[in-house]
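Scroll down for the structure; my scribbles are underneath it.
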Amino acid sequence: MARGRNRKKGNAPRDAAGQGAPPAGDGAPGAGSPSPVARATAPRSPRKPSRPSHGLSVPVSRALPRTFQGRLSLAFVMVFALAVGIVSVLTVFVLDSDLRQQEMTNLEARANAVAAVVRVKAETAAALDPANATVVSASGALNDNVLTAISEQAVLSDYANNVAQADLRLRFGFGSETSEGTEFIPATPVSAFSAPLTAQPGRGQARDAVGFTQIFKFEDPGGVKPTWYLEVSLSAPYTTRQSTIASVVGFLFVSSAGALLLAIVVSAFLARRFTTPLRRLTDAARALAEGDLARRVPADRARTGGAEITELSRQFNAMAEQVEETMETIRRDRDTGREFLADVSHELRTPLAALRTFNELLRERAGDDVAARTEFLEASAQQIERLDWLAQNLLELSKLDSGLIRLDLRPDDLRATIESAVEQAQVSARRRGLSLTAELPDTPLVTRHDPQRLGQVLTNLIGNGLKFTPRGGSVRVVLSPRNRGARIQVIDTGVGIDAAELPHVFDRFYRGSRSNEARGSGSGLGLAIVRSVVEMHGGRVMVESSVGGGSTFTVTLPADPRTSADAVATGAVSAPAGPPSAPEAEPPTATNQPPAAATAAGAAVDRAGPD
Ligand code: ADP
């Protein structure tokens, strides 16, 4: 069997002779599409005026979930649904294309089978008349026996139902050789025979609106009989394509719906997981705003939100830390301020009460007694001097606290500063029957310091030494190099300080229990001033003392307060005996202060106080 060149695929062609039933699928493709005329005359719906874009966006944004978590979930689900939709459509499209391909192969096989059985039938029928045994004669006439055999509807139906499984049309003919090849010419008087498919469809089968046509050429192997042609057209065959596609679509639909449900659950879970750190952050921010300054975002849990959220949480915690510290400082300052005010009031009240008493006594009976009047006036003068001294100290301390005092830092020989302070205190020492000496190195010991302020520190320390040392004792001021800075020690042989009092001696208004025994009355501000000035220099002040064994105040100074390294190098000294006696050095205050405008501070306070 040889195939003719006019093989056609697609819809079955109409029967040229108009004989037999037209194939069911004839002209089916395109039947559903509107004709050009219909398309041209179809009334067009009037175009609606386009709405401004914000008109749409408002309802859309209202329809969106309000929370970030909701929007995140919705976005997940929409992306997933879109992906599933695209995959499903592509799957169906590819499947349909493959099935059509298979269907064509299948139809070709069925057409071959039909041609084979028809050939046997036709050639057997033709052979019944040995005088004219050709199926189609050279002149194009169809053998009568063939005509009779093929015309039997039962035979054709058998072919259509059992072999072709489609609407079947057969055409007999002969060929004419042209320059383009062999041309199929229908036989006479009748060439075409048709039979519709009447068998019941098998499981999953359905009619498919496709057609297939193939022309077969039959040559006599002996070359005696003329060659004849058979055109086999199959249309609207039974196939399983539609049912396969339907079941695949159904499966895709069910699985997509399941996957979508899963996606909703997973996206809700993930969105919740992602937004939980944000919620924690919001809670922490709210708590902070409501005054819970200790509230923080747990760092380990913030990590679940990703790097950005972790960073945000860290920054939030740093900010909260800062806020808490600031508030704590403000609170502490406020408390200190209150205490300070109470102390100041108390300190002022004592001399003022004494003055009032003297004044009343003088106005009453003592005013006439010359000796009593002189005594009261002297006592009043002492109280006034004490008031003045107190005011000076308070002013000094408040200036130091508020940062109004700026150090006049300059490289200077510390020996000169010490010599000057010792010199000034010599009169007082002699009056008290004490020896006051300075032990200085032979070579200059230069540090960057404010000579006037450091002189004040020395005056206060020496004054205390003189005040708390009984007659016959000594006060020594020793200067020595220390790392790259210096160490100044004021050593006395005085009454000493009780171990329990040591940690408090630098507090404002603190006066030790033994201070009344000493001749000086004091106000408890001197050492607070000392500490402030030393810390402004980036240094430290410490005290070692034992009751009855004298006291040693040690001031360590960096070579240059403006470099913190120096401050650290010289500051790391601790009291070897007794309870912790020195306040820890704060970062050098002087580093922040331009050294230029620093000379405005008042004169050094006389720590010996009014005698
Ligand atoms: P005050 O004006 O009372 O001396 P300070 O601040 O200078 O105030 O000193 C606080 C307290 O520390 C003193 O009241 C005293 O008890 C104790 N103190 C200070 N220096 C000495 C010292 N060299 N010897 C013994 N006690 C001292």
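Computed from the coordinates by the stated procedures, all read-outs in this text should not be read as laboratory data. Source: prediction; values computed, not measured. Ideal geometry is used to build each Cβ from the backbone, glycine not excepted, and the neighbour counts take in all protein chains shown.
Assorted remarks:
- Rg/Rh for the stretch 355-493 (Cα atoms only, Rh after Kirkwood) is 1.13.
- Between ALA116 and GLN200, the FRET efficiency estimated from the beta carbon spacing at R0 = 22 angstrom works out to 0.35.
- Straight-distance crosslink candidates among aspartates and glutamates, where the alpha carbon sits under 13 Å from LYS467 and sequence neighbours closer than 8 are dropped: ASP492, GLU517, ASP606, ASP611
- With each label modelled as a point 7 angstrom along the Cα→C-beta vector, the LEU262-VAL89 pair spans 2.3 nm.
- FRET efficiency for ARG331 and SER546, using Cβ-Cβ distance with R0 set to 45 Å, rounded to 0.05: 0.75
- Ascending count of other beta-carbon atoms within 10 Å, so fewest first, for TYR510, TYR229: TYR510, TYR229
- Point-to-point label distance, THR188-LEU341, nm (Cα→Cβ direction, 7 Å offset): 13.4 nm
- In loop segments of the stretch 302-407 as defined by DSSP, the GluC sites (Glu not before Pro) with at most 15 further C-beta atoms inside 10 Å of their C-beta are GLU364.
- Alpha-carbon geometry of the stretch 175-331: the Rg and the Dmax are 40.3, 125 Å, given in that order.
- With a Förster radius of 35 Å applied to the C-beta separation of LEU128 and MET104, the computed FRET efficiency comes to 0.45.
- For trypsin sites (Lys or Arg not before Pro), the sites in the stretch 61-138 that DSSP calls loop and that have at most 12 other Cβ atoms within 10 Å are ARG66.
- In plain terms, if you count all Cα to Cα distances in the stretch 68-216 and split them into 5 Å steps from zero, the share in each step is 2, 8, 12, 15, 13, 11, 8, 6, 5, 4, 3, 3, 3, 2, 2, 1, 1, 0, 0 percent.
- When each of the peptides 272-279, 500-507 is scored by the mean number of other C-beta atoms lying within 10 Å of its residues, the order from highest to lowest reads 500-507, 272-279.
- Building the convex hull from the alpha-carbon atoms of the stretch 373-446 and averaging its projection over directions returns 7.6 nm².
- Ordering of 331-338, 231-238 by packing [mean C-beta count within 10 Å, highest first]: 231-238, 331-338
- In plain terms, the C-alpha convex hull of the stretch 327-406 casts an average shadow of 6.3 nm² when viewed from every direction.
- Between LEU348 and ARG363, the simple spin-label model (points 7 angstrom out along Cα→Cβ) gives 2.1 nm.
- Take every Cα pair under 8 Å whose residues are at least 6 apart in sequence, average their separation, divide by the length of the stretch 319-393, and the relative contact order is 29 percent.
- Under Karplus coefficients 6.51, -1.76 and 1.60, residue-wise ³J(HN,Hα) of the stretch 261-268 in Hz, glycine/proline x: 4, 4, 4, 5, 5, 5, 5, 5
- Every Cα-Cα pair in the stretch 455-549 was counted, and those over 23 Å apart are 20% of them.
- With neighbour counts taken as other beta-carbon atoms within 10 Å, the residues THR240, THR282 rank, fewest first, as THR282, THR240.
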